[in-house]
Each structure stands twice: as structure tokens, then as C-alpha cells.
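*Asks:* Would you mind keeping the following structure in view while I ask a few things?
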Amino acid sequence: MPDDFFALPPFKPAEALPLLKRSLRDLRTLTERGEAFELKGSRVIELAGGDKHIDARLAKRPMRGGTPEWDTFRLAGSPDVRKFTDEVKRRLARWTEEDR
């Protein structure tokens, strides 16, 4: 039996990027602007697809009228995409709580 029998299929960023964008739109609090997403007019996510991975930047906190500090993520597989989406949800919850 070959060793790669249980291996995951190769990651295809061109197919994963639209699915990631849909997941982010489904959060209903973000607005899509091309390859970026905004929260109440502040850019909080930037995405760039590559040949083997998706480069993502997630703001540490939303900034009005300035440039936010960014955390960078290299999404090279489906588990990375899920972890990134979970991190976005955590930050959105935190930012919403801080606004109250």
C-alpha cells in the first residue's frame, strides 16, 4: 500500500480563495472591497493569491484614517484557511466587544 494513500489532495489557492472570501462575507460584519475586507470603513483584511498559497494580512485592530499594524498569514492548506477564518471570528468578536 503506498504511503500517500491517506495524503490530502494538493492545495489549490485559485479554488480556495473564492471559498475563503465567501466565508468572510458570510460573517455579515465585513464589506468586501476587491482583495480586501473592511469593518465600518476600516480595512482589516487583505488577501493575495499565489501559485502555492494565499497570503493574508489581518489587522491587529481597526484604524480610522491610518494604517493598521498587520499580522501576516501564509495559508498553504485547508487547515490554515480554517485557522485563519477562526482567528478573524475571534478578532471580530473582540473588536465588537471593545466598541461597546
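*Asks:* Of all residues in the stretch 62-100, how many are in contact (Cβ under 8 Å) with a residue 60 or more places away in the chain, closer than 19 Å to residue 22 by Cα and in a helix (DSSP H, G or I)?
*Replies:* Final tally of qualifying residues: 7.
*Asks:* For the stretch 60-93, name all the residues that are out of contact with any His (no Cβ under 6 Å at 6 or more places or on another chain) and small (Gly, Ala, Ser).
*Replies:* Within the stretch 60-93, 65, 66, 77, 78, 93 qualify.
*Asks:* Before we move on, is residue 64 surrounded by fewer than 11 Cβ atoms within 10 Å (Cβ to Cβ) and either polar (S, T, N, Q) or within 30 Å of residue 8 (Cβ to Cβ) (or both)?
*Replies:* In short, no.
*Asks:* Kindly indicate whether any position in the stretch 44-61 is surrounded by 14 or more Cβ atoms within 10 Å (Cβ to Cβ), in contact with a Lys or Arg (Cβ under 7 Å, 6 or more places away or on another chain), part of a loop (DSSP other than H, G, I, E, B) and modelled with pLDDT of 95 or more.
*Replies:* Yes, the stretch 44-61 has at least one match.
The values are calculated or read from the model by the stated rules, or taken from the named source; none is laboratory data. As the structure is a computational prediction, the values presented were derived from the model and not from experiment. Glycine also receives a Cβ, built like all others from the backbone with ideal geometry; neighbour counts cover every protein chain displayed.
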